[in-house]
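The values are calculated or read from the model by the stated rules, or taken from the named source; none is laboratory data. What you see is a predicted model; the values in this text were computed from it and never measured. FYI the Cβ positions are ideal-geometry reconstructions off the backbone, even for glycines, and counts take in every protein chain you see. When the accessible area is computed, the model is the full protein with side chains, heavy atoms only, and any ligands, DNA or RNA have been set aside. Shrake-Rupley method; radii C 1.70, N 1.55, O 1.52, S 1.80 Å.
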Amino acid sequence: MAPRPLIAGNWKMNLDREGACTLARALAPSVGAGASFDMVVCPPAPYLIPVGEVLEGSPVCLGAQDCHTADAGAHTGDVSPAMLADVGCRYVIVGHSERRADHREDDAMVRAKAEAARSHGLIPIVCVGETEAEREAGRALQVVGEQIAGSVPDGLDGTNLVVAYEPVWAIGTGRTPTVDDVAAVHAHIRDVLAAKTPDAMGVRILYGGSVKPANAVELLAVANVDGALVGGASLKAGDFLAIARSAPVRH
Ligand code: 13P
């Protein structure tokens, strides 16, 4: 049985406090307890607490966009997974391609972050994805497989691990892979996960990269796509909810 879809909003470095709270206020009452999907929003770190207060009591979960590997200490500017758990986060994105590029995060670091997140009860959303040059060279499956092998801790399962496939060239560009290409990568991720966990079928594999209401039905219906990681369109409540409601119903 395929897992229940997860619709995740990555707000990146956008919004101000009022805008973040207004967005959360629009989402919280719109997702009923009977919704057929799970939802998480990942605000910028300074807004985790006020957004968490808005979401309190709603089924919409709070997530962060990154964490350090250590619990505490001399790491200026960083935020620990213990702190994220302390302010009510349930999820944390690790290894987003923007962090891999801007902060030179490699697979080993991403894996360490995912392990640290787990040790504090957070569910890591481990991101992978090929560049345009890698896709054009016919290396997409190989690159993504290697990233999964290197970035995903062993022994996790569907209750405590989420993976997101985000082709770098599809992020913020309005371009998306064909559904056949998405299907091929997600099937490959599932296969590679099987070497890491007996519950590979239970791990949710999200697609991310230019997901919008107009393409969500098609993308979310692809085999082995168990939800979406949404950037730009998650900043508009109407668009994000429309994407969430495009998820196939799975019980
Ligand atoms: P866009 O939806 O803006 O393409 O961003 C995708 C993304 O990077 C989500 O993590």
Query - Qualifying positions in region 232-251 - polar (S, T, N, Q) and either without any contact (Cβ under 8 Å) to a residue 12 or more places away in the chain or under 15 Å from Val40 (Cα atoms) (or both) - result: Ser234
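Quick one: count up the residues across region 232-243 that are within 14 Å of the ligand (Cβ to nearest atom) and assigned to a helix (DSSP H, G or I). Walk me through it before giving the result.
Our first condition is that a residue be within 14 Å of the ligand (Cβ to nearest atom); within region 232-243, this holds for 232-236, 239-240, 242-243.
With assigned to a helix (DSSP H, G or I) added as a condition, the list becomes 232-235, 239-240, 242-243.
Going through region 232-243 one residue at a time, the tally reaches 8.
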Query raised in the report: If we scan region 202-219, do we find a residue that is surrounded by fewer than 24 Cβ atoms within 10 Å (Cβ to Cβ), within 15 Å of the ligand (Cβ to nearest atom) and of a type in the set (Ser, Thr, Tyr)?
Result: yes
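What residue, of Ala228, Ala195, is in contact (Cβ under 8 Å) with a residue 60 or more places away in the chain and more than 20 Å from Gly138 (Cα to Cα)?
Values: Ala195 fails: in contact (Cβ under 8 Å) with a residue 60 or more places away in the chain.
Criteria check complete, one pass: Ala228.
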Query raised in the report: Exactly one of (1) touching an Asp or Glu at 6+ places or on another chain (Cβ under 9 Å); (2) farther than 20 Å from Ala108 by Cβ is unmet by Ala187. Its number?
Result: (1)
Report task. Examine region 172-184 for a residue that is open to solvent by 60 Å² or more (accessible area, probe 1.4 Å) and more than 16 Å from the ligand (Cβ to nearest atom), and state whether such a residue exists. Result -> yes
Query - Residue pairs meeting the criteria (Cβ under 6 Å; at least 6 apart or on separate chains; first more than 20 Å from Gly209 (Cα to Cα), in region 4-33; second at pLDDT 95 or above and aromatic (Phe, Trp, Tyr)) - result: Arg17/Tyr47; Ala20/Tyr47
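In region 136-149, what residues are touching a residue at least 12 places away in the same chain (Cβ under 8 Å) and open to solvent by 20 Å² or more (accessible area, probe 1.4 Å)? Let's see the steps before the verdict.
Initially, region 136-149 is screened for residues touching a residue at least 12 places away in the same chain (Cβ under 8 Å), giving 140-141, 143-149.
The answer is Leu141, Glu146, Gln147, Ala149.
Quickly run through region 92-110 and pick out the residues that are over 16 Å from Gly209 (Cβ atoms) and open to solvent by less than 60 Å² (accessible area, probe 1.4 Å).
Val92, Val94, Glu105, Asp107, Val110
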Query raised in the report: Considering only region 220-231, how many residues are open to solvent by less than 20 Å² (accessible area, probe 1.4 Å), more than 11 Å from the ligand (Cβ to nearest atom) and either closer than 20 Å to Leu27 by Cα or under 16 Å from the mean Cα position of the chain (by Cα) (or both)?
Result: 4
**Report entry** Complete set of residues in region 111-135 that are farther than 26 Å from Pro177 by Cβ, open to solvent by 60 Å² or more (accessible area, probe 1.4 Å) and either in a strand (DSSP E or B) or not hydroxyl-bearing (Ser, Thr, Tyr) (or both)
**Finding:** Glu115, Arg118
Query raised in the report: Is it fair to say Asp180 is among the acidic types (Asp, Glu), in a helix (DSSP H, G or I) and free of Cβ contacts under 8 Å to residues at least 60 places away in the same chain?
Result: yes
Report task. Answer yes or no as to whether Gly158 is more than 15 Å from the ligand (Cβ to nearest atom), at pLDDT 95 or above and in contact with an Asp or Glu (Cβ under 6 Å, 6 or more places away or on another chain). Result -> yes
Query raised in the report: Somewhere in region 221-231, is a residue closer than 24 Å to Val40 by Cα and part of a helix (DSSP H, G or I)?
Result: no
Query raised in the report: Before we move on, is Val54 touching a residue at least 12 places away in the same chain (Cβ under 8 Å) and touching a strand residue (DSSP E or B) at 6+ places or on another chain (Cβ under 9 Å)?
Result: no
Query raised in the report: Do we have any residue at all in region 188-196 that's within 26 Å of Pro29 (Cα to Cα), assigned to a loop (DSSP other than H, G, I, E, B) and more than 16 Å from the ligand (Cβ to nearest atom)?
Result: no
Query raised in the report: Which of (1) assigned to a helix (DSSP H, G or I); (2) within 16 Å of the ligand (Cβ to nearest atom); (3) free of Cβ contacts under 8 Å to residues at least 60 places away in the same chain does Ala108 not meet, given it meets every other one?
Result: (2)
